[in-house]
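In what follows, a single structure is set out as structure tokens and then discussed.
Read the figures in this text as sums done on the coordinates, not as results from a lab. Because the structure is a prediction, the values reported are computed rather than measured. Positions of Cβ are backbone-derived with ideal geometry, glycine not excepted, and every protein chain shown enters the neighbour counts.
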Amino acid sequence: MNIVSASILSADLCALGTDVSRAEQAGCDHIHFDVMDGVFVDNISYGLPVLESLRKHTDMFIDAHLMIVTPEKYLKRFARSGADNITFHLEATDDVQGCIDTIHSCGKKAGLAIRPKTPAETVFPYLSSADMILVMTVEPGFGGQGFMKDMCPKIQAVRSEMERLGLKGHIQVDGGINASTVKMAADAGADVMVAGSYLFRADDMKAAADILRNA
């Protein structure tokens, strides 16, 4: 079954604790915590103080997705603030392996993300050290965008290389995931489904999460 990760970018930030509790009660597995700096992407979200507050409120697995330049400056701080997994962008640093190693040295899992225009092959050297590869299925920066179907061959390429190497790492997809698109992502080889508006705007969040999990 798939892992369901609820993106709080679509939650009500004035009632974040309540919305996270809703996600937990609905059976979501992870909380997806998007961090945007206004430089790497053309938007600004939230950061360390919100993460620290959220960590006090929930025991759920928190995946911090850093859409920021020079992530190496902040990895240890996000680890201390309560992230269980820290995902950074390959395009945002000149020291990909060093970032992975730093995250692991903090006792956390490491994810490596790539934007839609970045070839799948760029992550191949890191498949044996990263715990998860995030293939963005929208251009990062804003929630509510439509799923880019042409990312499916990229997902397939990453999964095929993992299998060739005998690896069982996770492939996460983020962007436009809903009841209509999740099967395409799953068939391509993804197993961690990030969804925001689809979950938080659902009349029945548990039913929506079950669809993603069982795709």
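Round to the nearest 0.05 the FRET efficiency obtained for SER21 and LEU48 when R0 = 22 Å and r is the Cβ-Cβ distance. Please report the intermediate quantities before stating the final value.
Numbers: r = 22 Å, r/R0 = 0.99.
E between SER21 and LEU48, to the nearest 0.05, is 0.50.
Over the chain, what relative contact order in percent results from Cα pairs under 8 Å that are six or more residues apart?
Working: 438 pairs, mean separation 48.3, N = 215.
Taking the mean separation of contacting Cα pairs over the length of the chain, I get 22 percent.
Which percent, nearest 5, of DSSP beta bridges in the chain are antiparallel? Mind showing how you got there, number by number?
Values: 1 of 36 bridges.
Counting only bridges with both partners in the chain, antiparallel ones make up about 5 percent.
On a full-extension model of 0.36 nm per residue, what is the gain between GLU139 and GLU121, subtracting their alpha-carbon distance, rounded to one decimal in nm?
Contour length minus Cα-Cα distance gives 4.6 nm.
Taking a threshold of 20 Å on the Cα-Cα distance, which of the pairs LYS117/LYS149; LYS56/LYS168; LYS108/LYS168; LYS117/LYS183; LYS76/LYS117; LYS73/LYS109 fall above it?
LYS56/LYS168; LYS117/LYS183; LYS76/LYS117
Span-like helices, the chain: DSSP H, alpha-carbon axial extent 15 Å or more, mean Kyte-Doolittle -1.0 or greater, which ones?
152-165
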